[in-house]
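**Student:** Shown below is the structure under consideration.
FYI, it's all coordinate maths here, none of it is from the lab. Note that the structure is a prediction, hence the values are computed from the model and not measured. As a convention, Cβ positions derive from the backbone with ideal geometry for all residues, glycine included, and neighbour counts pool all protein chains shown.
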Amino acid sequence: MAKTILLTGATGFLGSHLLEVLLRERYQVVILKRSTSDTWRIEHLLDQVKTYDVDQVPVEAAFEGQQIDAAFHTACNYGRNNDPISSVAETNLMFGLKLLEATIQFNTDTFFNTDTLLRKQLNDYTLSKKQFVEWLKKKSGKIQIINLKLEHMYGSKDDATKFVPWVISQLSSGAPEIRLTKGEQKRDFIYVDDVVSGYLLALEKSYRLPEFSEFDVGTGELVTVREFIENLKDAYEARFGKVSTKLEFGALPYRDGEMMSVKVDNRALSDLGWRCKTSRAEGIRKIIGDVP
């Protein structure tokens, strides 16, 4: 009998890709969303899932309706729109705790959490995410916890306000210049399909994992932001022809507390049998191919 997976954040970037693959792999999926959520990414899948609007019914309703075998928690608030701290904490900490309590109460086997490789004190988002992980560690004796730490994920159907889609939109609109920092920050850019495969493998192998385990989900290859953006522009011009948009590196200062590099160690995930299949060049070609 197919396992039943509860998924939060299904209408978002990562969640929508996870939902697609979970259904393709014949899992039963229950999603939690808000009644006001924009479902454009998953409209074609809604008739294949059971949906609960958590602004209208309690989280527990999803567990009372069926036995949940595993919960995939991808919902988050990045705090990008000057959201108050309380809103960021409500989504990233309090909602997560409500979900965790329900999974323990209703004897769910495994809780998969979406974490970040960015440091705790960088901003409100990272602080709230790391605080939630501290709670997960505290409660891991009552439910198996698998914590997946992501860095810079990109791919199709990403939010238009995110960095990579924003740069592409500037190129598409013929902006005279794109004002950027010097771009010396080193990041691990990973295509969303490879992130999803990490989640699915962890689900498949969860029976051999301890009560609490963590995995860095990254290619293991760091590249400067400048090089990635230059690669992006080159790929755009290869498809659409030369553009006049100038990349003005150094026009903006680094943000306060900017991390100039991240540490990504994907050996634990690789030991489970995971491999990154999408090269940076291929991933960039894919997202440029999505441009109308």
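**Student:** Report the antiparallel proportion of the DSSP beta bridges in the chain as a percent, rounded to a multiple of 5.
**Tutor:** 5 percent
**Student:** Filter the cross-link list K162/K205; K139/K205; K33/K233 down to pairs whose alpha-carbon distance in this structure exceeds 30 Å.
**Tutor:** K162/K205; K33/K233
**Student:** Another question, if that's okay. Given a Förster distance of 25 angstrom, what is the FRET efficiency for W135 paired with D109, based on the Cβ-Cβ distance and rounded to 0.05?
**Tutor:** In this case the efficiency is close to 0.85.
**Student:** Do any of K129/K182; K120/K263; K129/K157 go past 25 Å between their Cα atoms, and which?
**Tutor:** In this structure, K129/K182 lie more than 25 Å apart at Cα.
**Student:** Given H placed 1.01 Å from N in the peptide plane, which residues other than close sequence neighbours of I190 have an amide H under 5 Å from its amide H?
**Tutor:** So I190 has HN proximity to H152, M153, Y154.
**Student:** Nearest 10 degrees is fine. How inclined is helix 13-24 to the longest principal axis of the chain, computing both from alpha carbons?
**Tutor:** 60 degrees
**Student:** Kindly identify region 4-150 as rounded, prolate or oblate by the Cα gyration tensor criterion: order the square roots of the eigenvalues as a ≥ b ≥ c, call it rounded if a/c is under 1.5, otherwise compare a/b with b/c, prolate if a/b is larger, else oblate.
**Tutor:** Oblate, since a/c reaches 1.5 and b/c is not below a/b.
**Student:** Taking every DSSP beta bridge with both residues inside region 94-238, roughly what % is antiparallel (nearest 5)? Present the calculation step by step, with values, prior to reporting the outcome.
**Tutor:** Working: 2 of 18 bridges.
DSSP beta bridges in region 94-238 are roughly 10 percent antiparallel.
**Student:** Shifting gears a bit: Within the chain, what's the longest run with no chymotrypsin sites (Phe, Trp or Tyr not before Pro) in a DSSP loop and at most 13 other beta-carbon atoms within 10 Å? Give the range, please.
**Tutor:** In the chain, the maximal stretch lacking such sites is 41-253.
**Student:** OK, next. Tell me the net charge near L252. Cut-off is 10 Å between Cβ atoms, L252 excluded, with +1 for each Lys or Arg and -1 for each Asp or Glu. Don't skip to the end; give the middle numbers.
**Tutor:** Numbers: positive: R179, K182, R255; negative: E248.
Computed value for this residue: +2.
**Student:** Roughly what would the spin-label model give for A175 and E43, points 7 Å off Cα along C-beta, in nm?
**Tutor:** So the label points at A175 and E43 sit 2.7 nm apart.
**Student:** If you don't mind, there's one more thing I want to ask. Take the alpha-carbon centre of region 208-227, take the same for region 146-192, and report the distance between them in whole Å.
**Tutor:** 18 Å
**Student:** Starting from the amide H of T181, placed 1.01 Å from N in the peptide plane, find each other amide H under 5 Å away whose residue is 5 or more places distant or on another chain.
**Tutor:** Residues meeting the criterion, in which the H sits 1.01 Å from N, are G250, L252.
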